[in-house]
1. How big is Rg to Rh over the chain, alpha-carbon atoms, Rh as the Kirkwood inverse-mean-distance radius?
2. Under a straight-distance cross-link criterion of Cα-Cα below 17 Å, which aspartates and glutamates are reachable from LYS228, leaving out those fewer than 8 residues away in the same chain?
3. How long is the gain from ILE252 to ASN113 if the chain were fully straight, where each residue apart is worth 0.36 nm and the alpha carbon distance is subtracted?
4. Would you kindly calculate the translational diffusion coefficient of region 232-275, applying Stokes-Einstein with the Kirkwood radius from alpha carbon pairs, for 37 °C and a viscosity of 0.692 mPa s, and quote it in µm² s⁻¹ without decimals?
5. Sort VAL131, VAL212 so the one with the fewest other Cβ atoms within 10 Å of its own Cβ comes first.
6. Pick out which of VAL258, VAL25, VAL114 has the largest mean-square fluctuation in a Gaussian network model of the chain, springs linking Cα atoms closer than 10 Å.
7. If the elastic network links every pair of Cα atoms under 10 Å, which of MET159, MET211, MET111 fluctuates the most in the Gaussian network model of the chain?
8. Convex hull over the alpha-carbon atoms of region 45-155: what's its volume per residue in Å³?
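Coordinate-derived values only; no laboratory data. What you see is a predicted model, and the numbers here were worked out from it, not measured in a lab. Cβ: placed from backbone, ideal geometry, glycine included. Neighbour counts: every protein chain shown.
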Amino acid sequence: MKILKCIEDLIVYRNDLGSQEIGFVPTMGALHNGHASLIEKSRKQDNHTIVSIFVNPTQFGANEDLDKYPRTFEKDSILCEKLGVAAIFAPDPRDMYRKKDEITLNPPKSMANVYEGALRAGHFNGVLQVVLKLFSLIRPKRAYFGQKDAQQLLIIKRMVEDLFLDVEIVPCATKRDFDSLALSSRNIYLNQMERKNALQIPMALDLIKKMVDEGIRDSNRLILEAKKCIRDLELDYLDIVDYDLQRVSEVILGKSIVLIAARSGKTRLLDNLWL
Ligand code: PAF
């Protein structure tokens, strides 16, 4: 497995691969089984899988955890090697952002100023900026994104459509821990009690799933019942939306997502349910 730490090395490596089909898994490191499932999916479909490990500064707000974000490069590279990754691209932020005042991208306000974007101003601008740079450098045939970050996934799909990018976005199902908590690099911050309380999130989603399976489609009713599960967390939002991230009054199967974000102690947790 190649470890490419600068853009010039990546360009040489990529040019050598020519027209081979490349699968790309963008990450910020601190890899867990959720990332492993994205890599495994790519390994089944693509000749070459490239993983990027880059804690992208432009998607963090001034008061967010950029410096504290877990950095576990050695462990991550062992996992990538084990999974058959062809190359890791792990650039320095100064290499990725060479100028002070770079061109940026604005996602549609209706998709980006709601939910995560309402609480993290500019977050999705930063995500799009780095993902577009990575796509340009790696030129993948397919790129793999977790459904856990539903808003991110939908906004990236929108960028691909709007900018006519030649890359297939492959959504990957959320991976859960033994206790049903969605895997996240931030779960390591939870103490025992916070972790126990955090399970109210998958409980709320399970309840909605059960009610929908019973035929209930009214969003208000589903949300009201699910909110009763969230007793020991600070709820940021719990809502049911369509793929344009607009609130829906009725669930339409195959077209609706339940979004939830809540804080257990100081840790913000995201989860969702694609109905
Ligand atoms: O989901 C993430 O880990 C990041 O937002 C991404 C897509 C790697 C961009 O920095």
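1. A ratio of 0.96.
2. ASP206, ASP218, ASP236, ASP239, ASP271
3. My answer for the length gained is 47.7 nm.
4. Translational D for this selection: 298 µm²/s.
5. VAL212, VAL131
6. Evaluated over the chain, the most mobile residue of the options is VAL114.
7. Looking only at MET159, MET211, MET111, the biggest GNM fluctuation is shown by MET211.
8. 129
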